Amino acid sequence: MDTLQAILLGIVQGITEFLPVSSSGHLQIAKELLGVELENNITFDVTLHAATVLSTIVVLWQELWRLVKGCFSKRFNEEQAYVLKVVLSMIPAGVVGVLFADEIEALFSSLWFVGLMLLLTAALLSFAYYAKPRQKQEISYRDAFIIGIAQAAATMPGLSRSGSTIATGLILGNEKSSVANFSFIMVIPVILGKMLLDIMSGEMAAMSVPTEALVSGFLAAFLSGALACKFMIEIVKRGKLIWFALYCAVVGLICLIGTI
């Protein structure tokens, strides 16, 4: 992997991690175009995820700091309740990650499956756009768990994590900005947990990735991720998800046609 490939893949990861178009699906497509075996490059994969986590923390710093301070209160408060909802949302992804990691990993080699899941993402975003449920001010524990199920399903390549969680939250009737913030905050511990498992697996030590590629990919993913995170929060507030649905449908069809 050279520096230019690392930068391009970092940009793809940073942008698509937050936009509802599936980062895993687009990384698979980018890998096919650039000739990079990304799924076997654990070191680079962990580096890109670290960059997107950092970009989320930077963009949502005030909200995260409020939650951290609230957790130290002796009385149960709304910050502690919010953190409990985040923990509750992590359970489905944790179960799927432990029980079906190998099966999901095998799907990354199928561009046909990626295309199919992109079409499913398009359908979900379209449904969320046209559905008009009564909006609730707070995300309930039940809704947090259901959104967590959507996040677990989105471990499949081509099914957008942010698209699935945000669309599910909107369909359940939650307020737009609350859903966007919750979607990006709930993924932080999940990504950190996945990174920890990758590091503990020992596979990183066996990989040889040039330092320049790691640094370039990290910076590209961080900068593009920070911009995409801020952009996506505004897009959700304005309710413009239908354009991403159209994009996912087009890319999904191209993937399917390309495998014929």
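The values are calculated or read from the model by the stated rules, or taken from the named source; none is laboratory data. Everything numeric in this text was worked out from a predicted model, so none of it was measured. Using ideal geometry, Cβ is built from the backbone for each residue, glycine included, and neighbour counts are taken over all protein chains shown.
The conditions of being assigned to a helix (DSSP H, G or I), crowded, with 24+ Cβ neighbours inside 10 Å, aliphatic (A, V, I, L, M) and on the phi < 0 side of the Ramachandran plot are not met by residue 192. Considering only residues of the stretch 105-115 that are under 18 Å from the mean Cα position of the chain (by Cα) and modelled with pLDDT under 75, which is nearest to residue 191 (Cα to Cα)? For the stretch 105-115, the residue satisfying everything is 105.
Beta carbons closer than 8 Å, at least 6 apart along the sequence or on distinct chains, pair a first residue in the stretch 47-68 that is closer than 22 Å to residue 15 by Cβ and touching a residue at least 12 places away in the same chain (Cβ under 8 Å) with a second that is outside any loop (DSSP other than H, G, I, E, B) and of a type in the set (Asp, Glu) for 52/17.
Across the stretch 128-167, the number of residues qualifying as part of a helix (DSSP H, G or I), of a type in the set (Val, Ile, Thr) and surrounded by fewer than 24 Cβ atoms within 10 Å (Cβ to Cβ) comes to 2. Criterion first (among the aliphatic types (A, V, I, L, M), buried (at least 20 other Cβ atoms within 10 Å of the Cβ), in contact with a Gly (Cβ under 8 Å, 6 or more places away or on another chain) and farther than 18 Å from residue 179 by Cα) does residue 125 satisfy it? No.
I'd like to verify a number: residues in the stretch 45-79 that are part of a loop (DSSP other than H, G, I, E, B), surrounded by fewer than 16 Cβ atoms within 10 Å (Cβ to Cβ) and not charged (D, E, K, R), how many?
Going through the stretch 45-79 one residue at a time, the tally reaches 4.
Restricting attention to the stretch 150-181, the residues that are over 30 Å from residue 32 (Cβ atoms) and touching a Pro at 6+ places or on another chain (Cβ under 9 Å) total 5. Exactly one residue out of 104, 57, 139 is among the hydrophobic types (A, V, I, L, M, F, W, C) and touching a strand residue (DSSP E or B) at 6+ places or on another chain (Cβ under 9 Å): that is 139. The residue list 256, 214 contains one member that is touching a helix residue (DSSP H, G or I) at 6+ places or on another chain (Cβ under 6 Å), surrounded by 14 or more Cβ atoms within 10 Å (Cβ to Cβ) and more than 29 Å from residue 47 (Cα to Cα), which is 256.
Within the stretch 25-42, is even one residue modelled with pLDDT of 90 or more and either of a type in the set (Val, Ile, Thr) or crowded, with 19+ Cβ neighbours inside 10 Å (or both)? Checking the stretch 25-42: not a single residue is modelled with pLDDT of 90 or more and either of a type in the set (Val, Ile, Thr) or crowded, with 19+ Cβ neighbours inside 10 Å (or both).
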